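Following: one structure in C-alpha cells, then a few remarks.
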Amino acid sequence: MKYNLTQISKPIQSELVQFNKLFKESLKSKVGIVDLITKYILKQKGKKVRPLLVLLSGNVAGGINERTYRGAILVELLHTATLVHDDVVDGAEKRRGLPSINAVWKNKVAVLMGDYLLSRGLLISIDGNDFDFLRVVTNTVKRMSEGELLQIKKTHKLDIDEETYFRIISDKTASLLSTCCEIGAMSTSSNPEEVKAMREFGENLGLAFQIRDDILDYVGTTKLIGKPLGADIKDKKITLPLIHALKTAPKKESGSILKSIKNGKNKKSISSILEFVNMYKGIEYADSFARKFAEEAKKNLVIFPDSESKKSLENLVDFVIERKN
C-alpha cells in the first residue's frame, strides 16, 4: 500500500493542529522586521516531518504532553534556522516555491534571522526546564556542522569513500531525525531502553531517507523531485550510487568519470555519468543499503506496544523508502 504524510499523521491530527498554533506563537517578536520575516517563514509551508516524528514518538512511548510540544517546537525552530542559513551558504534564490529570505532581505538579515530562530528554541527549552533536550540538541548542531564541513572538504577534493559518505549522512541528516525521535520519547518516558530504541529508530530512518534522496538524483524526474536530474553531480557531490560505480569500474574508466565531474556541467557529461552509475549497478547497491536501514528502523520499534502511532512510524519507514520526491 502507498502511504502519504496525511495518512501517516492521522493518529495525531488534533495534536498537529495544536503544534502549529504553538509554533506560530513561539515565533512572535516585538521587533517589527523579525515579526514580518517570521510571518513570511510561516507562508513557506514545509512537510513538518520533524514535529511529526517528535509527536508520534512521544505518543508511542507514553502519550503526548506539554513537554512533547516544546520538544517539537525546539526541533522545528532548529531545522528552520539551519534551512535559512543553508540558503545563505548555497546562494539559494528559492525555498519551497517562494523567494528565500536571503533573496528578499539579503544575507546579513537572513543569517541574523537564523540565529534568532535558534535562540528562540533554546529559550523555550530553558523556560520549560527541558535541559535534557538542550544536551541532545547541542550535540546535534555539532554533528550537523561537522558533517557539512566534512562534505565541503571532501567535495573539493572529490575523494569521498563509502565510510566517509556514511559518516557525512549520519551527521548531516540522520542526526536531526534521531534527535526528533529521542526528544519525543524523552518527553513521555523515563525508560532509557525506550529512549535508546527511539533514538536508533530515528538514526536508521534518517540514513534510509538520505540514501533514497541520493538515489532520486539518478532516477527521479525534474517535475517530481523539484530539482534537475543530476543536480548532485553538478554540485560535485559524490554519493553512494556513484561511489559504488567508481569502486566497481575499471580504474581508467573511473578516472575519466572523476575528471568529467571536476571539469564540467554540460548535459552530455551528466548524461554519461548517469549511464556509468547505471552500468555498474550503483542504484541497486544504494537501494540495498536504504532497505537494510529501513528494516533496522522497524526492528527498533519492536519493544513498544502496538498502537496507531507505532503503525504510523512503520508506515513512515515504507513511505521514505518508496518515495519518488
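Can you tell which of Lys39, Lys43, Lys108, Lys28 is in contact with a strand residue (DSSP E or B) (Cβ under 9 Å, 6 or more places away or on another chain), over 27 Å from Asn315 (Cβ atoms) and surrounded by fewer than 17 Cβ atoms within 10 Å (Cβ to Cβ)?
Of Lys39, Lys43, Lys108, Lys28, the one residue that is in contact with a strand residue (DSSP E or B) (Cβ under 9 Å, 6 or more places away or on another chain), over 27 Å from Asn315 (Cβ atoms) and surrounded by fewer than 17 Cβ atoms within 10 Å (Cβ to Cβ) is Lys43.
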List every residue pair whose Cβ atoms sit under 9 Å apart, with the two residues 6 or more apart in sequence or on different chains, where the first one lies in segment 91-112 and is of a type in the set (Asp, Glu) and the second, anywhere, is not in a loop (DSSP other than H, G, I, E, B). Glu93/Asp87; Glu93/Pro99; Glu93/Asn102; Glu93/Ala103
Flag if Glu93 is in the same structural domain as Glu182 (by TED's automatic domain parsing) and in contact with a strand residue (DSSP E or B) (Cβ under 8 Å, 6 or more places away or on another chain): yes
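Rundown of residues vs (1) assigned to a helix (DSSP H, G or I); (2) small (Gly, Ala, Ser), yes/no style:
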site: Gly255; (1), (2): yes, yes
site: Ser260; (1), (2): yes, yes
site: Ile273; (1), (2): yes, no
site: Ala294; (1), (2): yes, yes
site: Lys299; (1), (2): yes, no
site: Val302; (1), (2): no, no
site: Asp306; (1), (2): no, no
Residues that are closer than 27 Å to Thr38 by Cα, at least 1 per element: which helices (runs of 4 or more DSSP H) completely within segment 120-234 meet that? 131-157, 175-188, 222-225
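The values are calculated or read from the model by the stated rules, or taken from the named source; none is laboratory data. Quick caveat, the model's predicted, so the values are computed rather than measured. With ideal geometry, Cβ positions are generated from the backbone for all residues, glycine too; neighbour counts draw on all protein chains shown.
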